[in-house]
Amino acid sequence: MVMDIRFEQVDFTYQPNSPFEQRVLFDLDFQIKDGSYHALVGHTGSGKSTILQHLNALLKPTKGTVTIGDRVITPTTNNKNLKPLRKKVGIVFQFPESQLFEETVAKDIMFGPKNFGVSEEDAAKLAEEYIELVGLPLETLKKSPFDLSGGQMRRVAIAGVLAMEPEVLVLDEPTAGLDPQGRREMMAMFAHLQKEKQLTIVLVTHLMDDVADFADYVTVLEKGRVVKQGTPNDVFQDVAWLEEKQLGVPTAAAFAKRLQEKGWTFNELPLTAEALAKVILTKEGLAHDE
Ligand SMILES: Nc1ncnc2c1ncn2[C@@H]1O[C@H](COP(=O)(O)OP(=O)(O)OP(=O)(O)O)[C@@H](O)[C@H]1O
Ligand SMILES: [Mg+2]
(Lines give C-alpha, C1' and ligand atoms only; values in the text may rest on other atoms or scores of the structure.)
(Ligands and ions follow the chains in the order given, each with its own letter.)
Protein backbone atom coordinates (compact mmCIF):
# COMPACT_ATOMS: atom_id res chain seq x y z
CA MET A 1 0.00 0.00 0.00
CA VAL A 2 1.37 3.40 -0.97
CA MET A 3 0.88 5.59 2.08
CA ASP A 4 1.06 9.07 0.64
CA ILE A 5 -0.53 11.54 3.02
CA ARG A 6 -2.20 14.71 1.84
CA PHE A 7 -3.75 17.61 3.73
CA GLU A 8 -6.01 19.75 1.57
CA GLN A 9 -7.38 23.02 2.91
CA VAL A 10 -7.57 21.63 6.40
CA ASP A 11 -9.00 23.73 9.19
CA PHE A 12 -9.35 22.46 12.71
CA THR A 13 -11.23 23.96 15.63
CA TYR A 14 -11.22 22.52 19.15
CA GLN A 15 -14.60 22.45 20.90
CA PRO A 16 -16.53 24.20 18.14
CA ASN A 17 -19.72 26.05 19.02
CA SER A 18 -18.78 26.28 22.68
CA PRO A 19 -17.37 29.13 24.75
CA PHE A 20 -14.00 27.32 24.55
CA GLU A 21 -13.97 27.22 20.77
CA GLN A 22 -10.41 27.62 19.48
CA ARG A 23 -9.39 27.45 15.85
CA VAL A 24 -5.85 26.07 15.64
CA LEU A 25 -5.26 24.89 12.05
CA PHE A 26 -5.77 27.24 9.12
CA ASP A 27 -6.10 26.14 5.53
CA LEU A 28 -3.30 23.59 5.65
CA ASP A 29 -2.03 22.21 2.37
CA PHE A 30 0.89 19.85 2.43
CA GLN A 31 1.97 16.35 1.49
CA ILE A 32 3.99 13.62 3.09
CA LYS A 33 5.40 11.24 0.51
CA ASP A 34 5.30 7.50 1.01
CA GLY A 35 8.63 6.28 2.39
CA SER A 36 9.89 9.75 3.26
CA TYR A 37 11.25 11.05 6.54
CA HIS A 38 9.21 14.18 7.08
CA ALA A 39 9.89 16.67 9.87
CA LEU A 40 7.27 19.02 11.29
CA VAL A 41 8.70 21.97 13.15
CA GLY A 42 7.30 25.10 14.74
CA HIS A 43 6.96 26.82 18.08
CA THR A 44 5.03 25.46 20.97
CA GLY A 45 1.30 25.77 20.26
CA SER A 46 1.77 25.97 16.48
CA GLY A 47 -0.43 22.90 15.95
CA LYS A 48 2.05 20.05 15.44
CA SER A 49 0.44 17.56 17.79
CA THR A 50 -2.99 18.51 16.50
CA ILE A 51 -1.84 17.68 12.97
CA LEU A 52 -0.45 14.33 14.09
CA GLN A 53 -3.80 13.33 15.52
CA HIS A 54 -5.29 13.80 12.06
CA LEU A 55 -2.94 11.14 10.68
CA ASN A 56 -5.01 8.33 12.14
CA ALA A 57 -8.31 10.15 12.46
CA LEU A 58 -8.18 10.61 16.21
CA LEU A 59 -9.17 14.11 15.15
CA LYS A 60 -11.05 14.88 11.97
CA PRO A 61 -10.71 18.12 10.04
CA THR A 62 -13.34 20.73 10.74
CA LYS A 63 -13.03 21.65 7.08
CA GLY A 64 -11.07 20.13 4.19
CA THR A 65 -9.75 16.60 3.73
CA VAL A 66 -6.91 14.44 4.96
CA THR A 67 -5.99 11.54 2.69
CA ILE A 68 -3.89 8.74 4.14
CA GLY A 69 -3.12 6.04 1.59
CA ASP A 70 -6.53 4.99 0.31
CA ARG A 71 -8.50 6.54 3.19
CA VAL A 72 -10.06 9.96 2.84
CA ILE A 73 -10.99 11.62 6.13
CA THR A 74 -13.49 14.48 5.97
CA PRO A 75 -15.43 16.34 8.65
CA THR A 76 -18.26 13.81 8.29
CA THR A 77 -16.20 10.60 8.26
CA ASN A 78 -17.83 7.93 10.37
CA ASN A 79 -15.94 6.68 13.42
CA LYS A 80 -16.55 3.09 12.44
CA ASN A 81 -14.06 1.17 10.41
CA LEU A 82 -11.02 3.21 11.34
CA LYS A 83 -9.14 0.21 12.71
CA PRO A 84 -7.27 -0.60 9.47
CA LEU A 85 -6.04 2.99 9.35
CA ARG A 86 -4.96 2.88 12.99
CA LYS A 87 -3.05 -0.32 12.35
CA LYS A 88 -1.14 1.32 9.50
CA VAL A 89 -0.34 4.58 11.27
CA GLY A 90 1.43 4.16 14.61
CA ILE A 91 1.69 7.28 16.73
CA VAL A 92 4.21 7.74 19.53
CA PHE A 93 2.64 10.62 21.44
CA GLN A 94 4.52 13.21 23.47
CA PHE A 95 5.60 11.55 26.73
CA PRO A 96 4.17 8.17 25.74
CA GLU A 97 5.36 6.61 28.99
CA SER A 98 2.39 8.22 30.68
CA GLN A 99 0.21 5.75 28.78
CA LEU A 100 1.83 2.58 30.11
CA PHE A 101 -0.66 0.77 32.29
CA GLU A 102 -0.22 -3.01 32.25
CA GLU A 103 1.34 -4.95 35.11
CA THR A 104 4.28 -6.14 33.01
CA VAL A 105 6.28 -4.63 30.18
CA ALA A 106 5.49 -7.68 28.03
CA LYS A 107 1.75 -7.15 28.42
CA ASP A 108 2.09 -3.50 27.63
CA ILE A 109 3.93 -4.13 24.37
CA MET A 110 1.56 -6.97 23.43
CA PHE A 111 -1.55 -4.89 24.02
CA GLY A 112 -1.50 -3.10 20.66
CA PRO A 113 -0.78 -6.12 18.46
CA LYS A 114 -3.44 -8.18 20.28
CA ASN A 115 -5.92 -5.39 19.83
CA PHE A 116 -5.32 -5.73 16.09
CA GLY A 117 -5.92 -9.47 16.14
CA VAL A 118 -2.43 -10.90 16.61
CA SER A 119 -2.41 -14.14 18.65
CA GLU A 120 -0.99 -14.23 22.20
CA GLU A 121 1.94 -16.30 20.99
CA ASP A 122 2.84 -14.04 18.07
CA ALA A 123 2.38 -10.93 20.20
CA ALA A 124 4.85 -12.38 22.71
CA LYS A 125 7.36 -12.88 19.90
CA LEU A 126 6.86 -9.29 18.76
CA ALA A 127 7.47 -8.09 22.33
CA GLU A 128 10.79 -9.96 22.38
CA GLU A 129 11.81 -8.60 19.01
CA TYR A 130 10.96 -4.98 19.74
CA ILE A 131 12.21 -4.76 23.32
CA GLU A 132 15.67 -5.60 21.99
CA LEU A 133 15.30 -3.24 19.06
CA VAL A 134 14.68 -0.31 21.41
CA GLY A 135 17.83 -1.26 23.29
CA LEU A 136 16.47 -2.93 26.41
CA PRO A 137 17.41 -6.42 27.65
CA LEU A 138 14.87 -9.23 27.30
CA GLU A 139 14.50 -9.52 31.10
CA THR A 140 12.78 -6.14 31.04
CA LEU A 141 9.69 -7.87 29.68
CA LYS A 142 8.94 -9.43 33.09
CA LYS A 143 9.23 -6.17 35.00
CA SER A 144 6.52 -3.72 35.91
CA PRO A 145 6.74 -0.64 33.68
CA PHE A 146 6.55 1.43 36.83
CA ASP A 147 9.84 0.00 38.13
CA LEU A 148 11.74 1.40 35.14
CA SER A 149 13.54 4.71 34.71
CA GLY A 150 11.89 7.42 32.64
CA GLY A 151 14.13 6.70 29.66
CA GLN A 152 13.42 2.96 29.88
CA MET A 153 9.68 3.62 30.09
CA ARG A 154 9.97 5.75 26.97
CA ARG A 155 11.63 2.87 25.14
CA VAL A 156 8.93 0.45 26.24
CA ALA A 157 6.21 2.80 25.01
CA ILE A 158 7.97 3.11 21.65
CA ALA A 159 8.38 -0.67 21.43
CA GLY A 160 4.61 -0.95 21.93
CA VAL A 161 3.94 1.19 18.89
CA LEU A 162 6.61 -0.52 16.77
CA ALA A 163 5.18 -3.94 17.68
CA MET A 164 2.02 -3.04 15.76
CA GLU A 165 4.31 -2.91 12.72
CA PRO A 166 2.82 0.26 11.27
CA GLU A 167 3.62 1.50 7.77
CA VAL A 168 3.70 5.10 8.94
CA LEU A 169 5.54 5.85 12.16
CA VAL A 170 4.58 9.15 13.74
CA LEU A 171 6.91 10.50 16.42
CA ASP A 172 6.02 13.47 18.60
CA GLU A 173 9.29 14.65 20.14
CA PRO A 174 10.33 11.07 20.82
CA THR A 175 13.67 11.90 22.43
CA ALA A 176 12.58 14.77 24.68
CA GLY A 177 13.99 14.09 28.13
CA LEU A 178 16.40 11.33 27.10
CA ASP A 179 20.12 11.66 27.76
CA PRO A 180 22.40 12.48 24.79
CA GLN A 181 23.43 8.88 24.22
CA GLY A 182 19.84 7.63 24.51
CA ARG A 183 18.82 10.29 22.04
CA ARG A 184 21.46 9.30 19.51
CA GLU A 185 20.61 5.61 19.84
CA MET A 186 16.90 6.26 19.46
CA MET A 187 17.34 8.45 16.38
CA ALA A 188 19.70 5.91 14.81
CA MET A 189 17.14 3.18 15.51
CA PHE A 190 14.36 5.09 13.74
CA ALA A 191 16.59 5.78 10.74
CA HIS A 192 17.56 2.12 10.58
CA LEU A 193 13.92 1.00 10.80
CA GLN A 194 12.89 3.39 8.07
CA LYS A 195 15.39 1.90 5.66
CA GLU A 196 14.84 -1.70 6.73
CA LYS A 197 11.04 -1.62 6.59
CA GLN A 198 10.52 1.20 4.10
CA LEU A 199 8.56 3.10 6.73
CA THR A 200 7.24 6.58 6.29
CA ILE A 201 8.35 8.64 9.28
CA VAL A 202 6.72 11.83 10.48
CA LEU A 203 8.84 13.47 13.16
CA VAL A 204 7.86 16.43 15.30
CA THR A 205 10.93 17.99 16.86
CA HIS A 206 12.44 21.18 18.18
CA LEU A 207 15.93 19.89 17.37
CA MET A 208 17.08 21.28 14.05
CA ASP A 209 20.16 19.05 14.11
CA ASP A 210 17.87 16.02 13.99
CA VAL A 211 16.02 17.56 11.04
CA ALA A 212 19.32 18.21 9.24
CA ASP A 213 20.68 14.75 10.05
CA PHE A 214 17.63 12.64 9.28
CA ALA A 215 14.74 14.32 7.49
CA ASP A 216 14.40 14.56 3.74
CA TYR A 217 11.57 17.06 3.88
CA VAL A 218 10.49 19.65 6.41
CA THR A 219 7.30 21.60 6.95
CA VAL A 220 7.49 24.70 9.13
CA LEU A 221 4.36 25.75 10.99
CA GLU A 222 3.48 29.01 12.62
CA LYS A 223 0.24 29.52 14.50
CA GLY A 224 -1.49 26.73 12.61
CA ARG A 225 -0.30 27.73 9.18
CA VAL A 226 2.40 26.33 6.91
CA VAL A 227 4.98 29.10 6.48
CA LYS A 228 7.75 27.22 4.69
CA GLN A 229 8.36 23.76 3.30
CA GLY A 230 11.07 22.00 1.35
CA THR A 231 14.16 19.89 1.82
CA PRO A 232 16.23 20.74 4.90
CA ASN A 233 18.76 22.17 2.48
CA ASP A 234 16.16 24.56 1.05
CA VAL A 235 14.70 25.54 4.39
CA PHE A 236 17.94 25.92 6.36
CA GLN A 237 19.91 28.03 3.88
CA ASP A 238 18.11 31.14 5.08
CA VAL A 239 19.72 31.37 8.51
CA ALA A 240 18.58 34.96 8.98
CA TRP A 241 14.96 33.87 8.54
CA LEU A 242 15.38 30.99 11.01
CA GLU A 243 16.94 33.34 13.53
CA GLU A 244 14.24 35.92 13.05
CA LYS A 245 11.60 33.23 13.64
CA GLN A 246 13.64 31.86 16.57
CA LEU A 247 13.30 28.37 15.22
CA GLY A 248 16.86 27.28 15.89
CA VAL A 249 19.57 26.67 13.33
CA PRO A 250 21.46 23.40 12.78
CA THR A 251 24.74 23.63 14.70
CA ALA A 252 26.89 23.13 11.60
CA ALA A 253 24.99 25.79 9.64
CA ALA A 254 25.31 28.26 12.52
CA PHE A 255 29.04 27.60 12.67
CA ALA A 256 29.42 27.97 8.90
CA LYS A 257 27.49 31.22 9.14
CA ARG A 258 30.06 32.55 11.62
CA LEU A 259 32.85 31.54 9.23
CA GLN A 260 30.98 33.33 6.48
CA GLU A 261 31.00 36.49 8.59
CA LYS A 262 34.80 36.12 8.80
CA GLY A 263 35.07 36.08 5.02
CA TRP A 264 34.56 32.44 4.07
CA THR A 265 32.25 31.99 1.11
CA PHE A 266 30.28 28.77 0.94
CA ASN A 267 28.47 27.71 -2.20
CA GLU A 268 25.79 26.60 0.22
CA LEU A 269 25.78 26.29 4.00
CA PRO A 270 26.62 22.79 5.22
CA LEU A 271 23.91 21.50 7.57
CA THR A 272 25.57 18.58 9.30
CA ALA A 273 28.87 18.15 11.13
CA GLU A 274 29.91 15.70 8.46
CA ALA A 275 29.15 18.08 5.60
CA LEU A 276 30.92 20.94 7.38
CA ALA A 277 34.02 18.84 8.05
CA LYS A 278 34.10 17.76 4.42
CA VAL A 279 33.98 21.34 3.16
CA ILE A 280 36.72 22.44 5.55
CA LEU A 281 38.99 19.49 4.85
CA THR A 282 38.60 19.36 1.09
CA LYS A 283 37.73 22.99 0.36
CA GLU A 284 35.10 21.63 -2.02
CA GLY A 285 32.06 23.86 -1.83
CA LEU A 286 34.12 26.86 -0.80
CA ALA A 287 34.15 29.69 -3.26
CA HIS A 288 37.43 31.57 -3.28
CA ASP A 289 37.48 35.30 -2.94
CA GLU A 290 40.06 37.00 -5.01
N1 LIG B 1 -7.49 19.09 23.63
C2 LIG B 1 -7.44 20.40 23.36
N3 LIG B 1 -8.50 21.20 23.58
C4 LIG B 1 -8.45 22.53 23.30
N5 LIG B 1 -7.38 23.15 22.78
C6 LIG B 1 -6.29 22.41 22.55
C7 LIG B 1 -6.25 21.00 22.81
N8 LIG B 1 -5.04 20.53 22.47
C9 LIG B 1 -4.35 21.59 22.00
N10 LIG B 1 -5.08 22.72 22.04
C11 LIG B 1 -4.66 24.05 21.56
O12 LIG B 1 -4.30 23.95 20.20
C13 LIG B 1 -3.15 24.73 19.90
C14 LIG B 1 -2.12 23.84 19.23
O15 LIG B 1 -1.70 22.85 20.15
P16 LIG B 1 -0.75 21.66 19.76
O17 LIG B 1 -0.69 20.76 20.95
O18 LIG B 1 -1.17 21.08 18.48
O19 LIG B 1 0.64 22.43 19.57
P20 LIG B 1 2.12 21.87 19.37
O21 LIG B 1 2.66 22.52 18.17
O22 LIG B 1 2.10 20.38 19.42
O23 LIG B 1 2.89 22.44 20.65
P24 LIG B 1 4.10 21.81 21.52
O25 LIG B 1 5.36 22.08 20.76
O26 LIG B 1 4.02 22.59 22.80
O27 LIG B 1 3.82 20.36 21.73
C28 LIG B 1 -2.70 25.34 21.23
O29 LIG B 1 -3.14 26.66 21.24
C30 LIG B 1 -3.41 24.52 22.29
O31 LIG B 1 -3.73 25.31 23.38
MG1 LIG C 1 2.87 19.02 20.72
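The values are calculated or read from the model by the stated rules, or taken from the named source; none is laboratory data. Not measured: the values here are computed from a predicted model. Every residue, glycine as well, gets a Cβ built from its backbone with ideal geometry; the counts of neighbours run over all protein chains shown. Quick note on the areas: whole protein, heavy atoms, side chains included, nothing else; ligands and nucleic acids left out. Shrake-Rupley method; radii C 1.70, N 1.55, O 1.52, S 1.80 Å.
Over the chain, dividing the summed -39,500 (n - 2.57) contributions of all DSSP H runs of at least 4 residues by the number of residues returns a 222 nm mean residue ellipticity of -11000 deg cm²/dmol.
The angle between the Cα long axis of helix 273-282 and the main principal axis of the chain comes to about 30°, on a 0 to 90 degree scale.
Taking a sphere under 11 Å around the Cβ of G42 and counting the other residues whose Cβ falls inside, with K and R at +1 and D and E at -1, yields a net charge of +4. Over all other residues within a Cβ to Cβ distance under 9 Å of A252, the charged ones net out to -2, with Lys and Arg as +1 and Asp and Glu as -1.
What you get for the chain, charging only the Cβ of Lys and Arg (+1) and of Asp and Glu (-1), is a dipole of about 680 debye around the Cα centre. Once the Cβ-Cβ distance between K195 and T13 is put in as r, and R0 is 35 Å, what FRET efficiency do you end up with, to the nearest 0.05? Here the calculated transfer efficiency is 0.35.
Shape verdict for the range 100-206, please, from the Cα gyration tensor: rounded (a/c under 1.5), prolate (a/b greater than b/c) or oblate. The shape class here is oblate. Here the chain has 51 percent of its accessible surface on carbon and sulfur atoms, given a 1.4 Å probe and all protein chains in place. For the range 57-70, backbone phi angles converted through the Karplus equation (6.51, -1.76, 1.60; θ = phi - 60°) give residue-by-residue couplings of 6, 5, 10, 10, x, 6, 8, x, 9, 10, 10, 10, x, 9 Hz, Gly and Pro being listed as x. What the phi angles of the range 89-100 give under the Karplus curve with 6.51, -1.76 and 1.60, with θ = phi - 60°, is a coupling list of 10, x, 10, 9, 6, 4, 6, x, 4, 5, 9, 5 Hz, glycine and proline written as x. Rounded, prolate or oblate: which one fits the range 250-290, using the alpha carbon gyration tensor with axes a ≥ b ≥ c (rounded when a/c is under 1.5, else prolate when a/b beats b/c, else oblate)? It is oblate, given that a/c is not under 1.5 and a/b is not larger than b/c. Charge tally for K278 (other residues, Cβ to Cβ under 14 Å; Lys, Arg +1; Asp, Glu -1): -2.
Which parts of the range 222-241 would a label at R258 reach, counting a residue when its backbone N lies under 17 Å from a point 7 Å out along Cα-to-Cβ? It comes to 239-240, nothing else. Can you tell me the 0 to 90 degree angle between the C-alpha axis of helix 251-261 and the longest principal axis of the chain, rounded to 10? Helix 251-261 sits roughly 10 degrees off the main axis of the chain.
Amide H to amide H, with H built 1.01 Å from N, L25 comes under 5 Å of F12, counting only residues 5 or more places away or on other chains. Once a ≥ b ≥ c are taken as the square roots of the eigenvalues of the Cα gyration tensor of the chain, is the result rounded (a/c under 1.5), prolate (a/b larger than b/c) or oblate (a/b not larger than b/c)? It comes out oblate by the Cα gyration axes. Would you mind checking the pairs K125/K197; K33/K87; K48/K88; K223/K262; K48/K245; K88/K125 and listing those with alpha carbons more than 28 angstrom apart? Correct reply: K223/K262. Using only Cα atoms and rounding to the nearest 10 degrees, what angle (0 to 90) does helix 105-115 make with the longest principal axis of the chain? The two axes meet at around 80 degrees.
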